[in-house]
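Have a look at the structure below, then the notes.
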Amino acid sequence: MGFLPIYVPRELLHAQGVLPVGLMGGRPDLEIIKGDAYYQSYICHLPRSTIELGLNGSYDALDGLIFPAICDVIRNLSGMWQMLFPKVLVHYLDVPQNFDPAIGGAFYRRDLESLSQALAARGARPLTADALRQSIALYNENRRLVRELYALRRREPWKVPTHELYVVLRAALVVPVEESTPMFADYLALTSADRSRRPQDQARVLVTGSFCEQPPLALIKTLERAGCYIVDDDFVQVHRFIRSDIPVDGDPLQSIVNALLTDAVASPTRYIADEVKGADLNQRATDSGAEGVLFCAPSFCDPALLDQPMAVRAVERTAIPWTAFKYAENNGQFQVIREQAGTFADSIKLWSGA
Ligand code: SF4
């Protein structure tokens, strides 16, 4: 089962013998021919590349797609998928915006039960509590290693270049958790032990806003070559959407529900009072030792750009400088971003007292 950004409870799919496959749009070199016909020209790029990849057969190996409710664009994409590919399972995961367990929690649980039944009707194993507990334990370990990688990058960012970490996180979207966990462990061991990478005179920045459509890898490299150490980010967020371990005792389905209600990141795709999100961003900047914040969102990303003014207000209440730019997954020219990020990094090094 493919799933669109940002978050689906992969544990549930795994427990039913289903491979969750994270889809994150197209590569920069993907030529969009038909996908453009389905969306207005100004809309973000991810839905049109997703349609293109569906129509050109790239997703033929998938038995279905899950569309989490993160914005109107993804909602519409799920409807288009139903019409374009009537034979595959299409599930719109209607993630609640009410975090009261008796209301949003009950609603979300019913949604997960209906997803589970739909999978079983297509040949997946019926869901059992024991299998779900085992899957939760596997994903807890997987998330723990990602948290360790992020912690190592915060401490010694020269050891974990983000353009490298990013590729590891993306690779983990398309292999079973039994393969991605050792992959994370190997990468962590290799980077921790590496003495050849030396610290450089780079500015530490937190990159935020890139949680759905992803920037081209070359953009991440551009930021690093412009003098930035990325010490926190929103990239490939499914790995960190739930902040801590999900309990393996008790009712495991309810534990997955509770994790979303109480332990998910303060994403722009969730309705939370603005002070909470601003405080969360500032806390992340403090925790990561960021000297600057880069608001780096896809062009026309409603959730990211609607939250950005309130996030900027929160950052401005601190002494941390910020700058902002937008991208599309198929951007090919980074000179302007390189100059902007380079100037930002230089100004931090010259005037921040770092
Ligand atoms: S990039 Fe933003 S607007 Fe586009 S599909 Fe993703 S969340 Fe929605």
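Data overview
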{"read-out": "Hey, residue 150 of a type outside the set (Asp, Glu), under 18 Å from the mean Cα position of the chain (by Cα), at negative phi and surrounded by fewer than 21 Cβ atoms within 10 Å (Cβ to Cβ) or not", "value": "yes"}
{"read-out": "Any chance residue 294 is under 30 Å from residue 103 (Cβ atoms) and either among the aromatic types (Phe, Trp, Tyr) or crowded, with 19+ Cβ neighbours inside 10 Å (or both)", "value": "no"}
{"read-out": "Subset tally (residues that are under 15 Å from residue 298 (Cα atoms), small (Gly, Ala, Ser) and within 11 Å of the ligand (Cβ to nearest atom)) for region 32-71", "value": "1"}
{"read-out": "In region 1-30, the residues that are farther than 21 Å from residue 252 by Cα and β-branched (Val, Ile, Thr)", "value": "6, 21"}
{"read-out": "Some residue of region 224-237 being within 16 Å of the ligand (Cβ to nearest atom) and out of contact with any strand residue (DSSP E or B) (no Cβ under 8 Å at 6 or more places or on another chain)", "value": "yes"}
{"read-out": "Filtered residue count, region 77-90, keeping only those that are part of a helix (DSSP H, G or I) and either more than 16 Å from the ligand (Cβ to nearest atom) or under 23 Å from residue 241 (Cα atoms) (or both)", "value": "5"}
{"read-out": "Considering residues of region 174-219 that are among the β-branched types (Val, Ile, Thr) and outside any helix (DSSP H, G or I) only, the residue nearest to residue 2 (Cα to Cα)", "value": "174"}
{"read-out": "Region 49-76 residues that are without any contact (Cβ under 8 Å) to a residue 60 or more places away in the chain, paired with ones that are among the hydrophobic types (A, V, I, L, M, F, W, C) and more than 14 Å from the ligand (Cβ to nearest atom) (beta carbon under 6 Å, 6 or more apart)", "value": "52/32; 59/53"}
{"read-out": "Scope region 43-65; condition buried (at least 18 other Cβ atoms within 10 Å of the Cβ) and hydrophobic (A, V, I, L, M, F, W, C); matching residues", "value": "43, 44, 46, 51, 53, 65"}
{"read-out": "Residues of region 9-24 classified as closer than 17 Å to residue 303 by Cβ and buried (at least 24 other Cβ atoms within 10 Å of the Cβ), total", "value": "0"}
{"read-out": "Residue that is nearest to the ligand (Cβ to nearest atom), among those in region 91-100 that are surrounded by 14 or more Cβ atoms within 10 Å (Cβ to Cβ) and part of a loop (DSSP other than H, G, I, E, B)", "value": "95"}
{"read-out": "Residue 299 vs. criteria surrounded by fewer than 19 Cβ atoms within 10 Å (Cβ to Cβ), at pLDDT 95 or above and either among the small types (Gly, Ala, Ser) or in contact with a strand residue (DSSP E or B) (Cβ under 8 Å, 6 or more places away or on another chain) (or both)", "value": "yes"}
{"read-out": "Any hit, region 267-275, residues being at pLDDT 95 or above, assigned to a loop (DSSP other than H, G, I, E, B), hydrophobic (A, V, I, L, M, F, W, C) and closer than 23 Å to residue 313 by Cα", "value": "no"}
{"read-out": "Failed criterion for residue 4 (all others in (1) in contact with a Gly (Cβ under 9 Å, 6 or more places away or on another chain); (2) free of Cβ contacts under 8 Å to residues at least 40 places away in the same chain hold)", "value": "(2)"}
{"read-out": "Unique residue being within 16 Å of the ligand (Cβ to nearest atom), in contact with a Pro (Cβ under 7 Å, 6 or more places away or on another chain) and either of a type in the set (Lys, Arg) or more than 15 Å from residue 153 (Cβ to Cβ) (or both) when the list is 300, 241, 211", "value": "211"}
{"read-out": "Matching option when the condition is free of Cβ contacts under 8 Å to residues at least 40 places away in the same chain and closer than 16 Å to residue 210 by Cβ, among 265, 293", "value": "265"}
{"read-out": "Considering residues of region 279-293 that are under 28 Å from residue 45 (Cβ atoms) and out of contact with any Leu (no Cβ under 7 Å at 6 or more places or on another chain) only, the residue farthest from the ligand (Cβ to nearest atom)", "value": "292"}
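The values are calculated or read from the model by the stated rules, or taken from the named source; none is laboratory data. Note that the structure is predicted; figures quoted are calculated from it, not measured. Glycine gets a Cβ as well: all are built from the backbone with ideal geometry, and neighbour counts include every protein chain shown.
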